[in-house]
Amino acid sequence: MKNIVLFGPPGAGKGTQANLLKDRFNLVHISTGDVFRKNIKEGTELGTLAQSYMSQGHLVPDDVTIKMLESEVALNPQAEGFIFDGFPRTEAQAKALETFMTQMGSQINAMVALEVADAILVERLLERGKASGRADDANEVVIKERIAEYYRKTDILKGHYQSQNKYHGVDGVGGIQDITGRLISVFELL
Ligand code: ADP
């Protein structure tokens with residue numbers, strides 16, 4: 001199995017790129033943000049809970065997020081591998097993912113991180129908010145809080161994968177296809 005964590009701050013382009021890469025490498029794409037939004041749309045209990053955090057720009061609690069991720073993985077028993085997009089976002093999630101992969105007789109092969117400056121992130125998210133209707137992209141205060149959450153809780157995970165020689169940084173600024181090309185070069189080596 002090839003399991004890749006596609007990493008980066010909000011607005012780095014993880015979702016866009018994962019959608020372009022999953023077919024090429026025959027991987028199942030799991031986006032925690034997409035699963036939360038689906039639950040919100042369907043009005044599930046999980047959706048109601050997640051929305052109360054997402055609308056503030058905060059992370060959804062680890063226990064809930066970890067359980068959800070594990071059920072999404074379990075829905076794809078035939079998968080040749082996964083692209084995890086938006087997970088892990090905390091140390092507890094990274095630990096849980098490691099344990100979970102070991103239980104499955106597998107592992108995380110790499111963290112591939114899209115690197116983008118903060119000022120560009122804010123611009124991109126505001127632009128996306130105009131078209132997507134995502135409430136958390138329409139409000140600059142919420143966007144800045146998401147980026148702050150990223151630096152408080154998530155950015156530190158780079159070190160975790162660096163120490164295992166699994167970290168690959170990729171320049172996330174430029175045309176979408178150019179960035180896909182850069183990612184493909186990294187994925188092919190994994
Ligand atoms: P972005 O990468 O632009 O922030 P996502 O769609 O990945 O967008 O995530 C949207 C929101 O969903 C996050 O701001 C957060 O509230 C919640 N979320 C997504 N993934 C996680 C996670 N792994 N842990 C906690 N909360 C999460």
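Some points to look at:
- Condition check for GLY181: small (Gly, Ala, Ser) and either surrounded by 15 or more Cβ atoms within 10 Å (Cβ to Cβ) or under 17 Å from the mean Cα position of the chain (by Cα) (or both): no
- Residues of the stretch 103-150 that turn out to be among the hydroxyl-bearing types (Ser, Thr, Tyr) and touching a residue at least 40 places away in the same chain (Cβ under 8 Å), as a count: 2
- Scanning the stretch 40-85 for residues that are open to solvent by 60 Å² or more (accessible area, probe 1.4 Å) and of a type in the set (A, V, I, L, M), we see that the one that is nearest to the ligand (Cβ to nearest atom) is LEU49.
- The criterion of at least 2 residues that are within 16 Å of the ligand (Cβ to nearest atom) and among the charged types (D, E, K, R) is met, among helices (runs of 4 or more DSSP H) falling completely within the stretch 86-190, by 91-103, 118-132, 135-138, 140-149.
- Flag if THR99 is loosely packed, with under 15 Cβ neighbours inside 10 Å and at pLDDT 95 or above: yes
- Number of residues in the stretch 31-66 that are under 19 Å from ALA138 (Cα atoms), of a type in the set (A, V, I, L, M) and assigned to a helix (DSSP H, G or I): the value is 3.
- Of all the criteria given as (1) in contact with an Asp or Glu (Cβ under 8 Å, 6 or more places away or on another chain); (2) open to solvent by less than 80 Å² (accessible area, probe 1.4 Å); (3) of a type in the set (Lys, Arg), the one not satisfied by ARG128 is (2).
- Looking only at the stretch 1-30, and only at residues there that are small (Gly, Ala, Ser) and assigned to a helix (DSSP H, G or I), the one that is nearest to the chain's Cα centre (by Cα): GLY15
The values are calculated or read from the model by the stated rules, or taken from the named source; none is laboratory data. Every value quoted in this text rests on a predicted model; they were computed, and no experiment measured them. No Cβ is skipped: glycine too gets one built from the backbone with ideal geometry, and neighbour counts run over all protein chains shown. With ligands, DNA and RNA removed, areas are computed over all heavy atoms of the protein, side chains included. Shrake-Rupley method; radii C 1.70, N 1.55, O 1.52, S 1.80 Å.
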